[in-house]
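Since the structure comes first, as structure tokens, the remarks are kept for the end.
Nothing in this text is a laboratory measurement; each read-out follows from the coordinates by a stated rule. Please read all numbers here as calculations on a predicted model, not as lab measurements. Using ideal geometry, Cβ is built from the backbone for each residue, glycine included, and neighbour counts are taken over all protein chains shown.
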Amino acid sequence: MTLQEIQKEVLDKDTLLLEYSLGKENSYLWAVTKTSINSYKLPKKDVIDSLAIQLQKYYTKSYRTENESEESKKERLAKEEAFVKLAKKFSGMVLEPAAGLLENKRLLVVTDGVLSYTPFAGLPKPGIEKTTETFYPLVVDHEIVTAPSASTVAVLRKEFANRKPATNSVFVLADPIFTADDQRLAINNKKTENVAVNVSNKVKQSEINLSRGILERSDLSRLNFSFQEAKSILEIFVDEKPKMVSGVKADLEAVTNSEISQYRNIHLSTHGFINNIQPEMSGLVLSLFDDNGQEKNGYLTANYIFNLKLNADLVVLSACQTGFGREVRGEGVLGLTRGFLYAGAERVLFTLWNVNDQSTSVLMTKFYTAMKKDKLTPVAALRQAQISMWKDKKWSSPYYWAAFQLVGEWQKK
């Protein structure tokens, strides 16, 4: 699309497009409003990459604030101070040039390279004159939405302009069966020595599958708060007859079934797995065993996702690193989020790192409450939930809330 087409068809008076391009000698930022365009020269790619990688070490690690000793508290505060200084330096590098244009704007961010894995919601707002120890995240004053490109937003709007809304409200998949010794399996209620042997063999087979590269991460422990997260969502939408599947029923059939096209909101709470070399092998882990302890395919890989027929206003990927994929120059990240957009989702909520199970449950409850009871758009609801988490001492660390980003449409029909 031309600049004029983007300004006319994509942007509104309340939205600022921030588009980045990282280069070997220089990088660039374009800040585009409905009526103007400004360009800024940024440091070269290697400089931005180096600082971003250092910063990710802080974002992806939690710091305990409850029941900590004086020694632990001292250590935590030192790390937090170092994080704030580094984050302010990075924010000054990639946001400060356009600081004068940010006020009262929603930010549409089109990233490049390492910035695709940077939590803009959790970056310090540039220009805020605070002490070096104070952290004032960008999300406090701005709704933030991402897109593979500005043109993608226009394409989505054209595709879905005349689409009739799905008839049902919410579909929730949560708490699948990952291991053959899960006590929810019917077979485990009548164990014998032979069954125990069979189960052992199946676990070994799963380990073989993992070693073949189906997953890059082998931590398939049960998500203890996944079911609680799902129940909270059902309670919020109780008057709209939501549907939930869990346990053995949280399987591949439940998601690939044509019934999925009847839901406006789809929430998938499970483990994610990423293959950056072969993005088509990335996906979500659903139930891997049936009630008899027999293994079944439970990997919702990208090629399944691209073939789904969705009619969804929103897909929430409440799993680890669902925003990852292979970076393609000029095309952005090819991965799960692109698959769900292609399959018919107007917007996708995804994550940038291995999120905490309990804090995710808390954030999702706040997110859906803001959508349902406060009637906010998904991007506004996400902002409200993240601010609420930041203000809560227990969950204030960006680790607990900044990983969540939304890609796609921000406007309501």
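Can you list the trypsin sites (Lys or Arg not before Pro) in segment 45-111 that are in a DSSP coil and have 14 or fewer other beta carbons within 10 angstrom? Walk me through the numbers on the way to the answer.
Details: sites: K45, K57, K61, R64, K73, K74, R76, K79, K85, K88, K89, K105, R106; in loops: K61, R64, K105.
Here the sparse-neighbourhood loop sites are K61, R64.
What per residue convex hull volume, in Å³, comes out for segment 3-158 when only alpha-carbon positions are used?
So the per-residue hull volume is 119 Å³.
With N residues in segment 238-318, what two-decimal value do you get for its Cα radius of gyration over 2.2 N^0.38 Å?
In units of the globular-protein estimate, segment 238-318 measures up at 1.13.
Which of V140, V255, V238 moves most in a GNM of the chain, Cα contacts under 10 Å?
Of V140, V255, V238, the Gaussian network model singles out V238 as fluctuating most.
I want to make sure I understand the PRE zone here: with the label point 7 angstrom from the Cα of T179 toward its beta carbon, which residues in segment 246-278 have backbone N atoms less than 17 Å away?
247-248, 271-272
How much length is gained if the chain between I53 and N307 is pulled fully straight, taking 0.36 nm per residue apart and subtracting their Cα-Cα distance, in nm to one decimal?
Contour length minus Cα-Cα distance gives 88.0 nm.
To the nearest 10 degrees, how steeply does helix 226-236 sit against the main Cα axis of the chain, on a 0 to 90 scale?
70 degrees
What do you get for the angle between helix 45-59 and the principal long axis of the chain? Use alpha-carbon atoms, 0 to 90 degrees, nearest ten.
50 degrees
Quick one: work out the % antiparallel among DSSP beta bridges in the chain, nearest 5.
50 percent
Taking the Cα centre of each part, how many Å lie between segment 353-413 and segment 78-110?
For segment 353-413 versus segment 78-110, the Cα centre distance is 20 Å.
Under a crude label model (7 Å from the Cα following the beta-carbon direction), how far is K373 from D291 in nanometres?
3.7 nm
Can you pick out the pairs among K57/K412; K45/K375; K309/K375; K8/K164 whose Cα atoms lie more than 32 Å from each other? Working shown, then result.
Numbers: K57/K412 36 Å; K45/K375 41 Å; K309/K375 27 Å; K8/K164 25 Å.
Check vs 32 Å cut-off fails for K57/K412; K45/K375.
By the gyration tensor of its Cα atoms, with a ≥ b ≥ c the square roots of the eigenvalues, what is the shape of segment 329-406: rounded for a/c under 1.5, prolate for a/b over b/c, or oblate?
It comes out oblate by the Cα gyration axes.
Output ³J(HN,Hα) for segment 400-409: one whole-Hz value per residue in order, computed from phi by the Karplus curve 6.51 cos²θ - 1.76 cosθ + 1.60 with θ = phi - 60°, and x for Gly and Pro.
The phi angles translate into 7, 9, 6, 5, 8, 9, 10, 10, x, 6 Hz.
Net charge near V348, counting Lys/Arg +1 and Asp/Glu -1 over other residues with Cβ under 15 Å of its Cβ?
Here the count lands on -1.
Per residue of segment 153-162, what does 6.51 cos²θ - 1.76 cosθ + 1.60 with θ = phi - 60° give for ³J(HN,Hα)? Whole Hz please, x for Gly and Pro, Karplus curve as stated.
4, 5, 4, 4, 4, 5, 5, 9, 4, 10
On a 0 to 90 degree scale, rounded to 10, what angle separates helix 378-391 from the longest Cα axis of the chain?
90 degrees
For an R0 of 45 angstrom, estimate the FRET efficiency from the Cβ-Cβ distance between A99 and A186 and round to the nearest 0.05.
So, using R0 = 45 Å, E works out to roughly 0.15.
For segment 80-173, what does the alpha-carbon gyration tensor say about shape, rounded, prolate or oblate, given a ≥ b ≥ c as the root eigenvalues, a/c under 1.5 as rounded, and a/b over b/c as prolate? Could the numbers behind the result be given before it?
Working: a/c = 2.52, a/b = 2.03, b/c = 1.24.
The shape class here is prolate.
Rounded to the nearest 20 debye, what is the charge dipole size of the chain about its Cα centre when +1 sits on each Lys and Arg Cβ and -1 on each Asp and Glu Cβ?
It works out to roughly 560 debye.
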